[in-house]
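The values are calculated or read from the model by the stated rules, or taken from the named source; none is laboratory data. These figures come from a predicted structure and were not determined experimentally. Cβ sites come from the backbone with ideal geometry, for glycine too, and all protein chains shown count toward neighbours.
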DNA sequence: CACCATGTTCCTTG
DNA sequence: CCAAGGAACATGGT
């Protein structure tokens, strides 16, 4: 599901719901997702702790909490992987099939559900430490971006997925940003001209910001039995069956007309992942 | 059955 | 040592 915009929307959604909530019990159904933190350590650290803030770094969620007794604060790191979801559920509601972790909050439960168990909810901050700059921040400069690209002969689409180059872009927004910048996904990174780098830098920020804005306007439903399409960019409004298409310009649109020129969008495989692009608009 | 899927990490190859 | 490619992880949808 989740790239930077989706995680940002989720963080904004969760922040007021869990602030000041005390964790009364910690249930770990899938030890793998809290790893490499050992389950007993995970439970000991969180039991009795109180949530303080939620923020985002790249595709990671950062939950700041106050431990039960010791002073200071600590951080719980979340990552949704491919299909993870985090949401509050009434304590009386049944837990979903692929529940990985549950934090009992009293009236509600904080549920981490992940059908594929690729996600994480852990005390280990290793992944976060390796991230590059936030794309929508002063830390992401055209100069740094240009220097990083100059060192690589890898296709630009594949480079954009490297979280140490810039944090938060995934397979969907990599294609979308390149379309917006009118750059071929196959172009080797070091072959981008300064003008293209400038356009791509701008397109990344605009694409992500637009997705966040869009997500902010959509009614969210992260949980709920039978609501398997709750994440907003795969969500569907029953009254507008094609609104998903209106939002993404190239992703998953192979064979459909480019919104600029009408040429059929093409799919290609790079680093074992699908890329979508317009062969006419993107050079 | 075959192939596809929003992500990351580890292993191999050059 | 580094860059690049591919498999693995686990499950579900089409």
Is at least one residue of the range A:67-78 at pLDDT 95 or above, under 27 Å from residue A:207 (Cβ atoms) and either away from DNA strand B (no atom under 16 Å from the Cβ) or in contact with a strand residue (DSSP E or B) (Cβ under 7 Å, 6 or more places away or on another chain) (or both)?
yes
Being surrounded by 15 or more Cβ atoms within 10 Å (Cβ to Cβ) and in a helix (DSSP H, G or I) is the filter here; which residues of the range A:16-31 pass it?
A:18
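How many residues does the range A:1-25 hold that are in contact (Cβ under 8 Å) with a residue 60 or more places away in the chain and touching a strand residue (DSSP E or B) at 6+ places or on another chain (Cβ under 6 Å)?
So the count comes out to 10.
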Would you confirm whether or not the range A:121-130 contains a residue that is under 24 Å from residue A:41 (Cα atoms), within 13 Å of DNA strand B (Cβ to nearest atom) and at pLDDT 95 or above?
yes
Of the residues A:131, A:61, which is away from DNA strand C (no atom under 14 Å from the Cβ) and part of a strand (DSSP E or B)?
A:61
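For every residue, the table says whether it meets (1) modelled with pLDDT of 95 or more; (2) closer than 30 Å to residue A:98 by Cα.
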site	(1), (2)
A:197	yes, no
A:205	yes, no
A:223	no, yes
A:235	no, yes
A:238	no, yes
A:245	no, yes
A:268	no, no
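Count, please, the residues in the range A:157-173 that happen to be within 14 Å of DNA strand C (Cβ to nearest atom) and assigned to a helix (DSSP H, G or I).
Of the range A:157-173, the ones within 14 Å of DNA strand C (Cβ to nearest atom) are A:157-165, A:170-171.
From the residues that got through so far, the ones that are assigned to a helix (DSSP H, G or I) too are A:157-160, A:171.
Final tally of qualifying residues: 5.
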Those residues of the range A:134-156 which are in a helix (DSSP H, G or I), more than 15 Å from DNA strand C (Cβ to nearest atom) and without any contact (Cβ under 8 Å) to a residue 12 or more places away in the chain amount to A:143, A:144
Given the conditions (1) away from DNA strand C (no atom under 16 Å from the Cβ); (2) touching a residue at least 40 places away in the same chain (Cβ under 8 Å), and given that residue A:36 satisfies all but one, which numbered condition is not satisfied?
(1)
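Looking only at the range A:84-100, decide whether some residue is within 19 Å of residue A:45 (Cα to Cα), at pLDDT 95 or above, surrounded by 15 or more Cβ atoms within 10 Å (Cβ to Cβ) and within 16 Å of DNA strand C (Cβ to nearest atom). Full working, then the answer.
Of the residues in the range A:84-100, the ones within 19 Å of residue A:45 (Cα to Cα) are A:100.
Going one step further and asking which of them are at pLDDT 95 or above, we end up with A:100.
When the remaining residues are screened for being surrounded by 15 or more Cβ atoms within 10 Å (Cβ to Cβ), the result is A:100.
Now restrict to residues that are within 16 Å of DNA strand C (Cβ to nearest atom): A:100.
Yes, the range A:84-100 contains at least one residue that is within 19 Å of residue A:45 (Cα to Cα), at pLDDT 95 or above, surrounded by 15 or more Cβ atoms within 10 Å (Cβ to Cβ) and within 16 Å of DNA strand C (Cβ to nearest atom).
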Filter result for residue A:78 (closer than 16 Å to residue A:10 by Cβ and more than 16 Å from DNA strand C (Cβ to nearest atom)):
yes
Quick one: residue A:108 ticks every box in (1) more than 16 Å from DNA strand B (Cβ to nearest atom); (2) farther than 16 Å from residue A:27 by Cα bar one, so which box is it?
(2)
